[in-house]
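Down below is the structure, laid out as structure tokens.
The values are calculated or read from the model by the stated rules, or taken from the named source; none is laboratory data. Bear in mind that the values here come from a model prediction, so they are computed numbers and not experimental data. Reconstructed Cβ throughout: ideal geometry from the backbone, glycine too, with neighbour counts over all protein chains shown. Just so you know, the surface numbers come from the protein's heavy atoms only, side chains and all, with ligands and any DNA or RNA stripped out. Shrake-Rupley method; radii C 1.70, N 1.55, O 1.52, S 1.80 Å.
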Amino acid sequence: MTEANPTRKPRFTVAHPTDLSREGEVAYHHALALAAAGDARLYSIHVDTSRVVAESLPKPDELLSLWAREGNEAALQSLSRLEYVMMNHTSCDDAIDTLLDAIDAIEPDMLVVGTHQRDGAARFIKESVSEVVANHAGRPTLFVPLSERGFVDRRSGRIGIKNVLIPVEDQLSASRGMRETQRLLDRFGVRDI
């Protein structure tokens, strides 16, 4: 695995905010599989006001090795090429502001965020960090439900997208959303949707 070179902006960067919980692994798997398929740099961002050491962030090489043994060619190629940056960001007292600060510093092309998909009173009482981050970051964002398997096979890392939902507000946002979605699908080698 190569170290990131901060002076060279790669063609594509994926950022994955994480709370380091086991529950968030499904979002991490999606971020890693997309980065591997798209020959991208991957940032895992952990916001921590208590200054936990960055070494506790997930490491991708073991998972890529497992996926490569399962026949995932993108994972095999990524073992030597993937640029992975573990970021423990602590600039602000507010976790969301700290996360947005880290995203602004990275300037990723895409965010991959886990979401609890709360509804009803729970949604009203507890703010969705994922939604706030996506709305303020201004970047294409993949929301991965933490209670679901998603479209990345956990054992092989293979991407299996069957449908894509693009939220739109008007004709302009629909056109922009379609173009950006097609660009991302092409980037990750996804065909026949």
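Observations on the structure shown:
- Stretchable slack from GLU131 to GLU62, in nm (0.36 nm times residue separation minus alpha-carbon distance): 21.8 nm
- The 1.4 Å probe gives accessible areas that order LYS162, LYS59, largest first, as LYS162, LYS59.
- Between VAL85 and LEU42, TYR43, SER44, the built amide H atoms are under 5 Å apart, and every one of these is 5 or more places off in sequence or on another chain.
- Annotation for ARG149 and ASP19: the two label points, set 7 Å from Cα along the Cα-Cβ direction, are 2.5 nm apart.
- Cβ-defined net charge surrounding VAL168, 15 Å radius [Lys, Arg +1; Asp, Glu -1]: -1
- Sequentially through the stretch 172-186, phi angles give Karplus couplings (6.51, -1.76, 1.60; θ = phi - 60°) of 5, 5, 5, 5, 5, x, 5, 4, 5, 4, 5, 4, 5, 4, 4 Hz, Gly and Pro residues having no value and appearing as x.
- Listed values for the stretch 139-149 are Karplus-derived 3J(HN,Hα) couplings in whole Hz (6.51 cos²θ - 1.76 cosθ + 1.60, θ = phi - 60°), namely 10, x, 10, 9, 8, 10, x, 5, 8, 10, 7, and x replaces Gly and Pro.
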